[in-house]
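The values are calculated or read from the model by the stated rules, or taken from the named source; none is laboratory data. Being a predicted model, the structure only gives us computed values, none of them experimental. For neighbour counting, all protein chains shown are included, and Cβ atoms are generated from backbone atoms with ideal geometry for every residue, glycine included. The area values use the complete protein model at the heavy-atom level, side chains included, leaving out ligands, DNA and RNA. Shrake-Rupley method; radii C 1.70, N 1.55, O 1.52, S 1.80 Å.
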Amino acid sequence: MDSSRSVHVVLAWVLLIWAPGELGAADSAAKQSLKSRHTIGELTRVEVALQVGGDLKLVVDGKPQDLPMSVIANLKYDEQLLAVDEADRPRRTLRYYDDTRAVIKVDQGGEKPKLDDAHRLIAVERAAGAAPVLYCPTAALRREELDLIDVPGGSLLVDDLLPSEPVAFGESWKLSDQTMASLLCLDAVSWTDVTGVLGETTDGIVEIAAAGSVNGAAGGVGTEIELKAKYRFDLARGRVVYLALLIKEKRAVGHIGPGLDTVAKLIVSMTPIGSSRHLTPEVVAKVPPALAPVLAALDYTAVSGQFRFPYDRRWYLTADDAKLAILRLMDQGELVAQCNVSLLPGEKKSPVTLAEFQRDVQTSLGKSFGQFTSASQSQNEAGYQVLRVVARGVVSELPIEWVYYLIQDTAGKRVSLAFTYEQELSERFAQADRAMVQRLRMTDATVPTAAKPPTAVQPVVQQ
């Protein structure tokens, strides 16, 4: 896996936290209700400080390899509440990021990912029992942009850390599996003993601590986390105004990302404000009332700059250069399919015929080829010719299905997409290929590419 792309995944997965101190003596034995109170339209200034240190764990040529890594990120945004759920917890907000500084170092390399100016307006939506979804309401985000801003400990989640019933000083409560999964950006939690404890109240600010272990899964692999947290609840405002997390994580190497042996620290401060020069009534009024699939999609632009397409968030880019881009489809924590994307060299004046394309695919698959199950010719939304063939065969005694596409415009520019998956996963794959193909667009970039003709894709095999 390309290490520079791997790092962006790390930024999305790890958290940052400041270790909590010891709580002082109680000033009252009476129980307190820590129920949050919100008003539609309320504004908050949120500042996030993230630090991560440790090792990325890779497998290179079949051998384990550890690379030292570090992340320092600072995110600042204004956030306006747009909707709440039945429990008066934030369900939908709108953010404007005016500061997204980050420095990522892996071994001897480094990067400074950033959020494009056109993508600084971010909507956040949360369905019941699900993690928040961040998206730009005006244009699709790139994966590295989403990874930059979708960090653990999100401001939409802090109310979930509060006790559901009134509690007294020193009294504890268990935090739910769903709370831990959402807070730590995990796919699922299999076990956790994280417990919150009420501390002292000083000048109307209630101190709360939490600690424990979490066993879960992310990106289809297991992860073990030791968590400490400290947060503060403002009684007068009825809101959490500060959250600090300290997370020690050990994660196995996965299909879409490296393993981790890291310590992450995250500090989130949330300060109510009266107005925002970025989130004006005119800006808020233009935001769609609900998340549309087209806005949830991510944007891929080829390294060559000569084509782009949207893709479902279940696809993860695992390698990307001028010759080849590789994406892998994860569904409910399982690897389902792989897609290889290439811009073919040169321009072909006469379009490739469907029969020619079938011959090329059969030659490429070689002894693995069994039979074609379908072949068709159509046009996508941009009017490009689309050739599609589906083939079945066997690789290492596993029944495999391939879906090959050749997309060509009137100028002779050609893009190849090759999807591969085990035949038993065909129903789960469903139409995961269609959005990429239907909405692919050629661009006017003239950057040369060293892409090669399509070759047989290595089968995706469940471990």
| query | (i) 0.95; (ii) 1.02; (iii) 0.99: which one is Rg/Rh (Cα atoms, Kirkwood Rh) as calculated from this entry? | reply | (ii)
| remark: Between the Cα axis of helix 354-365 and the main Cα principal axis of the chain, the angle (0 to 90°, nearest 10) is 70
| query | What's the angle, to the nearest 10 degrees (0 to 90), between helix 3-13's Cα axis and the longest principal axis of the chain? | reply | 40
| field | Listed residues 82, 297, 39: farthest to the positive end of the dipole of the chain (Cβ charges) | value | 297
| In angstroms, what radius of gyration and Dmax does the range 399-441 have, counting Cα atoms only? | 12.3, 39
| task | Report the trypsin sites (Lys or Arg not before Pro) located in the range 217-323 that are in a DSSP loop and have at most 13 other Cβ atoms inside 10 Å of their Cβ, or state none. | result | 277, 286
| query | Quick one: Cα centre-to-centre distance for the range 134-194 and the range 379-450, in angstrom? | reply | 36
| request: Can you tell me the order of 32-38, 328-334 when each peptide is scored by its average per-residue count of other Cβ atoms within 10 angstrom, highest first? | output: 328-334, 32-38
| query | residue 252's amide H: which non-local residues (gap 5+, or another chain) put their own amide H closer than 5 Å, with H modeled 1.01 Å from N in plane and none for Pro or chain starts? | reply | 222, 260
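For the chain, which whole percent of the accessible surface, found with a 1.4 angstrom probe, sits on carbon and sulfur atoms? Before the final figure, lay out the partial values.
Numbers: 10270 of 20550 Å².
For the chain, the apolar C and S fraction of the accessible surface comes to 50 percent.
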| said: For the range 180-306, take N as its residue count and report Rg(C-alpha) divided by 2.2 N^0.38 Å. | reply: 1.41
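Whole number in Å², please: accessible area per residue of the chain, 1.4 Å probe, ligands, DNA and RNA not counted. Intermediate results must be reported in sequence, preceding the final value.
Values: 20550 Å² over 463 residues.
Counting only protein heavy atoms, the per-residue value for the chain is 44 Å².
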| query | Using θ = phi - 60° and the Karplus form 6.51 cos²θ - 1.76 cosθ + 1.60, what ³J(HN,Hα) does each residue of the range 159-168 get, whole Hz, x for Gly and Pro? | reply | 5, 5, 7, 7, x, 7, 10, x, 9, 9
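Ranked highest first by average number of other Cβ atoms within 10 Å, how do 138-151, 117-130 line up? Intermediate values should be presented prior to the final figure.
Numbers: 138-151: 20.6, 117-130: 15.6.
Taking the mean over residues of other Cβ atoms within 10 Å, the ranking is 138-151, 117-130.
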| request: Classify the range 169-236 as rounded, prolate or oblate from the Cα gyration tensor: take a ≥ b ≥ c as the square roots of its eigenvalues, call it rounded if a/c is under 1.5, otherwise prolate when a/b beats b/c and oblate if not. | output: prolate
| note | Rounded to two decimals, the Debye log10 I(q)/I(0) of the range 233-366 (Cα scatterers, no solvent) at q = 0.13, 0.15 Å⁻¹ is -0.99, -1.14
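Calculate for the chain the 222 nm mean residue ellipticity that helices alone would give, adding -39,500 (n - 2.57) per DSSP H run of length 4 or more and normalising by residue count, nearest 500 deg cm²/dmol.
On the way: 8 runs with 55 residues, N = 463.
It lands at -3000 deg cm²/dmol.
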| note | Phi angles of the range 105-122, converted by Karplus (6.51 cos²θ - 1.76 cosθ + 1.60, θ = phi - 60°) into ³J(HN,Hα) in whole Hz with x for Gly and Pro, give 10, 10, 6, 9, x, x, 9, 10, x, 8, 9, 4, 4, 6, 10, 6, 8, 10
| query | Given a Förster distance of 45 angstrom, what is the FRET efficiency for residue 285 paired with residue 165, based on the Cβ-Cβ distance and rounded to 0.05? | reply | 0.70
| said: Please report, in whole Å³, the volume per residue of the convex hull around the C-alpha atoms of the range 356-409. | reply: 74
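Quick check on packing: order 369-382, 65-78 by the mean number of other C-beta atoms within 10 Å, highest mean leading.
Descending packing order for the listed peptides: 65-78, 369-382.
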| query | Which net charge results for the neighbourhood of residue 353, defined as the other residues with beta-carbon distances under 14 angstrom from its beta-carbon, given Lys and Arg at +1 and Asp and Glu at -1? | reply | +3
| note | In Å, the Kirkwood estimate of hydrodynamic radius for the range 29-134 over Cα pairs equals 17.1
| request: Would you kindly compute the Cα radius of gyration of the range 292-397 and its largest Cα-Cα separation (Dmax), both in Å? | output: 15.8, 44
| task | Indicate the gyration tensor shape class of the range 234-306 (rounded, prolate or oblate), computed on the Cα atoms with a ≥ b ≥ c the square roots of the eigenvalues: a/c under 1.5 is rounded; otherwise a/b larger than b/c is prolate and the rest oblate. | result | oblate
